[in-house]
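*Asks:* Right, I'll just put the structure down here and ask away after.
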């Protein structure tokens, strides 16, 4: 993992938490459980070029595919 990925992932976790009005810890746990963090790491090269809100939209789809129940 590059030194740029960690701040980026932190930004996305904060953005995700704000969208769903949850704590950052709860957002992290949700994304970990439903493969959202793995998605961010795997597709960092593409996702970091998008607006963070668009990345959260992508995460919602990915997490729903893995059994997540949060909806926009």
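Readers should treat all values here as calculations from the given coordinates under stated rules, not as data from a laboratory. This structure is a prediction, so every number in the text was calculated from the model and none was measured. With ideal geometry, Cβ positions are generated from the backbone for all residues, glycine too; neighbour counts draw on all protein chains shown.
*Asks:* How high is the FRET efficiency from residue 70 to residue 10, r the C-beta distance, R0 25 Å, rounded to 0.05?
*Replies:* 0.85
*Asks:* Run the numbers for residue 41 and residue 61: contour at 0.36 nm per residue of separation, minus the present Cα-Cα distance, in nm.
*Replies:* Extra length available between residue 41 and residue 61 comes to 5.6 nm.
*Asks:* Output the relative contact order of the chain, whole-number percent, from Cα pairs under 8 angstrom with separation of 6+ residues.
*Replies:* Details: 52 pairs, mean separation 23.0, N = 72.
Over the chain, the number comes to 32 percent.
*Asks:* With the chain treated as a Gaussian network of Cα nodes joined by springs under 10 Å, which of 15, 23, 55 yields the largest mean-square fluctuation?
*Replies:* For the chain, modelled as a Gaussian network with Cα springs under 10 Å, the answer is 23.
*Asks:* Please report the base-10 log of the normalised intensity I(q)/I(0) for the chain, using a Debye sum with one equal scatterer per alpha carbon and no solvent, at each q in 0.11, 0.13, 0.14, 0.27 (1/Å).
*Replies:* -0.21, -0.30, -0.35, -1.42
*Asks:* Still on this structure, I have one more. Nearest 500 deg cm²/dmol is fine: what mean residue ellipticity at 222 nm does the chain get from its DSSP H runs of n ≥ 4 alone, each adding -39,500 (n - 2.57), divided by its residue count?
*Replies:* Value at 222 nm, helices only: -20500 deg cm²/dmol.
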